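The structure appears below as C-alpha cells.
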Amino acid sequence: MTPVQVNDYDSIAEGYTAENETSLLNAYYERPAMLDLAGDVTGRRILDAGCGSGALFAELRDRGAIVTGIDASAGMLELARKRLGADADLRVGDLADPLPFPDNTFDDVIASLVLHYLEDWGPTLAELRRVLTPGGRLIVSVEHPFAIHLMQRAAGDEPNYFQTRERTEEWIMGGQTAQMRFWDRPLHAMTEAFTEAGFHMTMISEPPPVPAARDLFPELTGTRFLGFLFFVLQAGSDS
Ligand SMILES: C[S@@+](CC[C@H](N)C(=O)[O-])C[C@H]1O[C@@H](n2cnc3c(N)ncnc32)[C@H](O)[C@@H]1O
C-alpha cells in the first residue's frame, strides 16, 4: 500500500493559494501583521522561509526588499513563479535541511506559518541564524499554542500542553484532500529554542486583524482573537 503523504502542499497548492488570497486569517490578519512587524524593508535582503505561493514575497518586494523564497513544495513554488515572474529568486528546499546559502546572506528571515510543521526547531533555527547577518531579524508567525490547546480541549481531547506533540488534520482545498501534520509545542519550548539558537527576543505579538476585517467578516466579535503568535527576534553577534 502506498503510504499517505503528509503536508502535501503540491496537491492543494491551487486551493490553498486561492483561500490565502482572501481569508480572514491570511489576508486580513497574518500577512498584514507580518508586514507591520517587518516595517520599512527598503533595500533589505530578506529570506522568505516557507514562502508558499509568494503572497508575502510580493508585498515585501513591492516595499523595496530584495527577496529570496524557499519552500518544500514545488507546486507552491510554481504558483509563486507565476505571481512573481521569471527573475524571482525561488528555491525548493526543506527547512529541516541545511540551507543553500552562505553565512550572513540576509538582513531578515521571515518564517510565516511554517515552523509548526517541524518537529525539531533546533537545526532549522541554527541554519536561519547562520544565514542572517549578526543583528539580523527573524520574524516568525506560528499557530498560537493556547488557541490549539483550547480548541483541542473544546473537542473533548486532553492534550498535554507541556509536551511537543504531533497533530494531524485533513484539509480539503480546491477539491483536493491532504493530510496535514503539525507539531504543537508550548510557549516555553518556542522561546527556549530561539534562545538556544542564539536569538534575542525583541517582541512577542498578538495583533488584531486589520480594521477592514470587521466589515468583511461580521462574525468577528471583539477586537482580537487567539489565532497566531508572532515573534520578532534578533540574531546575536556571538556564534
Ligand atoms: C501555511 S503555508 C504558508 C505559506 C506562506 N508563508 C504564506 O503565509 O502565505 C506553509 C508553507 O510551508 C511550506 N512548508 C511546510 N513544511 C516545510 C518544510 N519543512 N520546509 C520548507 N517549507 C515547508 C509548505 O510547502 C507551504 O508552502
In the Gaussian network model of the chain, springs joining C-alpha atoms below 10 Å, which of 68, 124, 177 carries the largest mean-square fluctuation?
-> 177
Rg ratio (alpha-carbon, reference 2.2 N^0.38 Å) - the range 1-94 = 1.11
Quote the relative contact order of the range 147-191 in percent (integer), defining contacts as alpha-carbon pairs under 8 Å separated by 6+ residues.
-> 33 percent
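How high is the relative contact order of the chain, given as a whole-number percent (alpha carbon pairs under 8 Å, six or more residues apart)? Provide the component values of the computation, followed by the final result.
Numbers: 449 pairs, mean separation 54.8, N = 239.
RCO, the chain: 23 percent.
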Could you tell me the convex hull volume per residue, in Å³, taken over the Cα atoms of the range 51-148?
-> 116 Å³
Can you list the trypsin sites (Lys or Arg not before Pro) in the range 176-239 that are in a DSSP coil and have 15 or fewer other beta carbons within 10 angstrom?
-> 224
Kirkwood Rh, Cα Rg: Rg to Rh for the range 120-229?
-> 1.01
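Given 4 °C and 1.567 mPa s, how large is the Stokes-Einstein diffusion coefficient of the chain in µm²/s, with Rh as the Kirkwood radius over Cα pairs?
Numbers: Rh = 18.4 Å.
Estimated via Stokes-Einstein, D reaches 70 µm²/s.
Values quoted throughout were computed directly from the atomic coordinates according to the rules given, and no laboratory measurement underlies them. Remember, predicted model here, so these are calculated numbers, not experimental data. So basically every Cβ, Gly included, is an ideal-geometry build from the backbone, and we count neighbours across all protein chains shown.
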